[in-house]
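Remarks on the structure that follows.
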Amino acid sequence: MALRLRPTFFSLTKNTNQHTHRLNVFSSPLFNSRQKHYLAADSETFKRRLNQHDGKLVIVDFYADWCGPCRVLSPTLENITSNTKYSNGKEVDLFTIDTDAEGELAVKYKVSALPTVIALRDGQVLEQFIGAQPPATVESWIKRLST
């Protein structure tokens, strides 16, 4: 009899007066990993995560609900960061930041066009790209930064 291992996915939702914040955690027994997706994160959650300095790659997707290319890119980023095969077996966390709700963060990271995607490690900016990119381009970008 074969043992079947299934990925586990769960969501935690916190409602505030202005926004709904969702933390999605993908856990796979095959990789023994936990990638965290902080969707529509607020600045406090973002600051707490960056202060952890654990060496993990953090991808930040600056978007707006009205931005068409953002609606195309965000699901691509969620899919790619949910699978460690695109990150050399390493965990990658994803933040999505709504620039309309978190304008101060957008200014701090000099976001001038949407979508803007920034890669950080230990709070330091590694690289960024602007505009929706094909999945293969995003996959190779994350793989290269994960080494």
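Checking Phe26 against (1) modelled with pLDDT under 90; (2) among the hydrophobic types (A, V, I, L, M, F, W, C); (3) surrounded by fewer than 18 Cβ atoms within 10 Å (Cβ to Cβ), only one condition comes out false. Which one?
(3) is the only condition that Phe26 fails.
Any residue in the stretch 124-133 that is of a type outside the set (Gly, Ala, Ser), over 14 Å from the mean Cα position of the chain (by Cα), open to solvent by 50 Å² or more (accessible area, probe 1.4 Å) and more than 20 Å from Arg144 (Cα to Cα)?
Among the residues of the stretch 124-133, not one is of a type outside the set (Gly, Ala, Ser), over 14 Å from the mean Cα position of the chain (by Cα), open to solvent by 50 Å² or more (accessible area, probe 1.4 Å) and more than 20 Å from Arg144 (Cα to Cα), which makes the answer no.
Output the residue which, of all residues in the stretch 68-104 that are modelled with pLDDT of 95 or more and either aromatic (Phe, Trp, Tyr) or more than 15 Å from the chain's Cα centre (by Cα) (or both), is surrounded by the most Cβ atoms within 10 Å (Cβ to Cβ).
Phe95
When you scan the stretch 51-67, how many residues do you find that are open to solvent by 20 Å² or more (accessible area, probe 1.4 Å), touching an Asp or Glu at 6+ places or on another chain (Cβ under 8 Å) and over 18 Å from Val111 (Cα atoms)?
Number of matching residues: 4.
The values are calculated or read from the model by the stated rules, or taken from the named source; none is laboratory data. What you see is a predicted model, and the numbers here were worked out from it, not measured in a lab. No Cβ is skipped: glycine too gets one built from the backbone with ideal geometry, and neighbour counts run over all protein chains shown. For the accessible areas, the whole protein counts, side chains as well, though only heavy atoms, and no ligand, DNA or RNA atoms are used. Shrake-Rupley method; radii C 1.70, N 1.55, O 1.52, S 1.80 Å.
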